[in-house]
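Structure, as structure tokens:
The values are calculated or read from the model by the stated rules, or taken from the named source; none is laboratory data. Just so it is clear, the structure is predicted and the values come from calculations on it, not from any experiment. Note that we place each Cβ from the backbone using ideal geometry, even for glycine, and neighbour counts take in every protein chain shown. Areas reflect the complete protein model, heavy atoms only, side chains present, ligands, DNA and RNA absent. Shrake-Rupley method; radii C 1.70, N 1.55, O 1.52, S 1.80 Å.
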Amino acid sequence: MLERALRKNSVKVTFVLPADTPPAEVSVVGDFNDWCPGVHAVAPRRDGNRAVTVELPKGSTHSFRYLAADDHWFNDDTADDQDGPNSLIHT
């Protein structure tokens with residue numbers, strides 16, 4: 001699930017996953033972090049889910065996926081669009 005908060009020149013996007021789906025460490029990887037695992041790892045939050053917030057330029061489009069343990073890649077069903085194997089978010 002994606003949550004958004006508008007700023008003047010950027011958008012804060014929060015990537016949200018259930019606490020145990022998948023039951024392993026997960027990172028959001030995409031063109032905004034050079035597809036580098038661990039830079040944006042989801043962390044537990046008070047509502048029982050896991051999340052990480054990334055600030056992206058307003059009016060841009062970004063490709064991303066989730067990466068879990070054992071090289072398990074998966075997409076976000078709530079993404080704005082798909083581009084091949086990647087999820088897309090439009091800010």
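At R0 = 35 Å, how high is the FRET efficiency between K8 and N75 if r is their beta carbon distance? Nearest 0.05 is fine.
Working: r = 30 Å, r/R0 = 0.86.
With R0 = 35 Å, the Cβ-Cβ based efficiency is 0.70.
Just the accessible area for R50, please: 1.4 Å probe, Å², rounded to the nearest 10?
Number for this one is 20 Å².
I want to make sure I understand the PRE zone here: with the label point 7 angstrom from the Cα of D83 toward its beta carbon, which residues in the range 55-70 have backbone N atoms less than 16 Å away?
Within reach of a label on D83: 56-66.
Express the accessible area of the range 18-91 per residue in Å², computed with a 1.4 Å probe while the remaining protein chains stay in the model.
I get 56 Å² per residue for this part.
Would you work out what percent of the accessible area of the chain, with all protein chains in place, is carbon or sulfur (probe 1.4 Å)?
Answer for the chain is 49 percent, counting heavy atoms of protein chains only.
Could you work out the Kirkwood radius for the chain, taking every pair of different alpha carbons, averaging 1/r and inverting it, reported in Å?
Working: mean 1/r = 0.0759 Å⁻¹.
Across the chain, the inverse of the average 1/r is 13.2 Å.
Once ligands and nucleic acids are excluded and a 1.4 Å probe is used, how much of H62 is accessible, expressed in Å² to the nearest 10?
About 20 Å², ignoring ligands and nucleic acids.
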